[in-house]
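Here's the structure, in structure tokens; my notes come after.
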Amino acid sequence: MTLVAGVDTSTQSTKVVVCDADTGAVVREGRAGHPDGTEVAPAHWWTAFQEATAGGLLDGVAAIGVGGQQHGMVLLDEAGEVVRDALLWNDTRSAGAAEDLIAELPGGAAGWAEAVGLVPVASFTVTKLRWVARHEPAVADRAASVMLPHDWITHRLRADGGEPTTDRGDASGTGYWSAATGSYRTDLVRLAFGRDLALPRVAGPAEVVGETAAGALLAAGTGDNMAAALGLGLRPGDLVVSLGTSGTVFGVSAAPVADPSGTVAGFADATGHHLPLVATMNAARVLTAVAGLLGVSLSALAELALAAQPGAGGLTLLPYLDGERTPNLPDARGLLNGLTRGNATPQNLARAAYEGMLCGLADGLDAVRGLGVQVQRVLLIGGAAASPAVRSIAAGLLGVPVSVPSPGEYVALGAARQAAWALSGAAEAPDWQVSAVDATATAESGVRKVYADVRDRAQPLLR
Ligand SMILES: Nc1ncnc2c1ncn2[C@@H]1O[C@H](COP(=O)(O)OP(=O)(O)O)[C@@H](O)[C@H]1O
Ligand SMILES: O=C(CO)[C@@H](O)[C@H](O)COP(=O)(O)O
């Protein structure tokens, strides 16, 4: 059996799967946690990778691919040493830089959408470059190049230490690479940073970019959402809702999209197509926070939520605990609305947490569909998709049939599938089957309308 490995270096942890290259069957798995926080020394990701693969996990592996959290800014000096902790996608300090960059480009938001398929918000790498240039000039002076998390891990894995690479998918989340033209906008790096930085070469979807010290081939890797799309073998009509640290909604499209409202980001996928995507900053950890508040486990939280009526007795949670990106409210915090003596129960609070988290993603689904992306069903993945309450409430709220793929690490699986593709030299990625079960919906009529009303009325408090 030929073995390939896929790595998911995401916000909370590193996960590694080792698979049969022909079928995708998982034969071994490893994982290790990352430190909390929105700035992290990349060395921690490397330590987590080593921990996750300890004990011979990668023995006999012929090729490796790395999927990683998108947008994180890894700045390096001339010698390739990291010059400061990476600022991650969920770090909101560059919100002001995002506003400045929008104002500085002719055409404003529409100009950015046309140039690079996205409108700057604090998540995107280009805004982090501006923040460092303005707030840490000594650090900026030392920087010679910028990479993304998956680029950095892939480069560390390379035995030859040659020219760094990225891929279309991850490059499309920087704000200085255009998925429509397939080229860097170095003028936007200069606009943000004040000068040029060396940028990784954008490798092709099935390219071999190097070899590890053990002789395994290295695939180009990609952003975690693009890797999940590849792991699921996403087809037109399927939309993914991923509930990890972030919540994301995305589907494949043949043509690039440019949304001047900034709601949908026009990312590229890992196969040569496009991946329109909406991301929220607050997903699975809303549930952990409310479970902590109630002093219950995640499974007990799900039971509580399913014991409440849809609408949570009139409680609405705007779940912007860490600030939010969609809608763009970087300084917002969570807001619980509608509390009365009659509805103040653990059951209602639990349900409001699931409903609040999912209403933001239902809005995202509408926005992606509004750009012409076909939606016949939703595939629910990410850590929180394991929750029975998430499955049932999502199926009620999203308004389209929801299927839950068999439990698996789809980012890591997609990275492994990319590795198998690179290894094969074939025109198409190998055909790995994914099975899914349909989720049964609870009726959620009226919940979204109440949520939208509270969200809109609360805007002045949240800015
Ligand atoms: N049964 C569950 N119910 C709700 N949340 C869950 C459940 N199982 C795992 N999670 C959450 O999923 C998250 C991890 O998901 P994952 O997709 O691996 O995140 P990331 O890729 O952002 O690191 C954690 O916040 C964890 O608490
Ligand atoms: O910022 C985005 C997408 O634009 C996030 O989806 C990150 O890519 C982090 O993903 P997770 O760690 O939550 O999987």
field: Selection status of Ala180, more than 16 Å from ligand 1 (Cβ to nearest atom), open to solvent by less than 40 Å² (accessible area, probe 1.4 Å) and out of contact with any helix residue (DSSP H, G or I) (no Cβ under 7 Å at 6 or more places or on another chain)
entry: no
query: Inside region 281-319, can you point out the residues that are within 16 Å of ligand 2 (Cβ to nearest atom), part of a helix (DSSP H, G or I) and either under 12 Å from Ala352 (Cα atoms) or open to solvent by 50 Å² or more (accessible area, probe 1.4 Å) (or both)?
result: Arg285, Val286, Leu287, Thr288
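Quick one: in region 71-107, of everything that is within 16 Å of ligand 1 (Cβ to nearest atom) and open to solvent by 10 Å² or more (accessible area, probe 1.4 Å), which residue is farthest from Arg168 (Cα to Cα)?
Asn90
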query: Of everything in region 184-204 that's open to solvent by less than 40 Å² (accessible area, probe 1.4 Å) and not hydrophobic (A, V, I, L, M, F, W, C), which residue is farthest from Tyr410 (Cα to Cα)?
result: Pro200
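In region 66-95, what residues are away from ligand 2 (no atom under 16 Å from the Cβ) and in contact (Cβ under 8 Å) with a residue 24 or more places away in the chain?
If we filter region 66-95 for residues that are away from ligand 2 (no atom under 16 Å from the Cβ), which is where we start, we get 75-85.
Listed by number, the residues that qualify are Leu75, Leu76, Asp77, Glu78, Gly80, Val82, Val83, Arg84, Asp85.
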Residue under evaluation Gly323, criteria (1) among the small types (Gly, Ala, Ser); (2) closer than 18 Å to Gln459 by Cβ; (3) touching a Phe, Trp or Tyr at 6+ places or on another chain (Cβ under 8 Å), criterion not met: (3)
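Does Thr174 satisfy the condition of being of a type in the set (Ser, Thr, Tyr) and either out of contact with any helix residue (DSSP H, G or I) (no Cβ under 6 Å at 6 or more places or on another chain) or not in a loop (DSSP other than H, G, I, E, B) (or both)? Break it down into steps so the answer makes sense when it comes.
Numbers: of a type in the set (Ser, Thr, Tyr): yes; either out of contact with any helix residue (DSSP H, G or I) (no Cβ under 6 Å at 6 or more places or on another chain) or not in a loop (DSSP other than H, G, I, E, B) (or both): no.
No.
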message: So, in region 361-396, how many residues would count as being within 16 Å of ligand 1 (Cβ to nearest atom) and either touching a Lys or Arg at 6+ places or on another chain (Cβ under 7 Å) or assigned to a helix (DSSP H, G or I) (or both)?
response: 14
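Does Leu217 meet the test of being open to solvent by 20 Å² or more (accessible area, probe 1.4 Å) and either charged (D, E, K, R) or at pLDDT 95 or above (or both)? Break it down stepwise before answering.
On the way: open to solvent by 20 Å² or more (accessible area, probe 1.4 Å): yes; either charged (D, E, K, R) or at pLDDT 95 or above (or both): yes.
Here the answer is yes, as Leu217 does meet what is asked.
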task: Hey, can you tell me all the residues within region 11-35 that are in contact (Cβ under 8 Å) with a residue 12 or more places away in the chain, within 15 Å of ligand 2 (Cβ to nearest atom) and in a loop (DSSP other than H, G, I, E, B)?
output: Thr11, Gln12, His34
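To keep it simple, each residue is scored yes or no on (1) open to solvent by 20 Å² or more (accessible area, probe 1.4 Å); (2) modelled with pLDDT under 95; (3) within 16 Å of ligand 2 (Cβ to nearest atom).
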residue	(1), (2), (3)
Leu349	yes, no, no
Ala353	no, no, no
Ala362	no, no, no
Gly372	yes, yes, no
Val390	no, no, yes
query: In the set Asp196, Asp224, which member is over 20 Å from Ala362 (Cα atoms), within 16 Å of ligand 1 (Cβ to nearest atom), among the acidic types (Asp, Glu) and touching a Ser or Thr at 6+ places or on another chain (Cβ under 7 Å)?
result: Asp224
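The values are calculated or read from the model by the stated rules, or taken from the named source; none is laboratory data. Not measured: the values here are computed from a predicted model. Ideal geometry is used to build each Cβ from the backbone, glycine not excepted, and the neighbour counts take in all protein chains shown. SASA here: full protein model, heavy atoms, side chains in, ligands and nucleic acids out. Shrake-Rupley method; radii C 1.70, N 1.55, O 1.52, S 1.80 Å.
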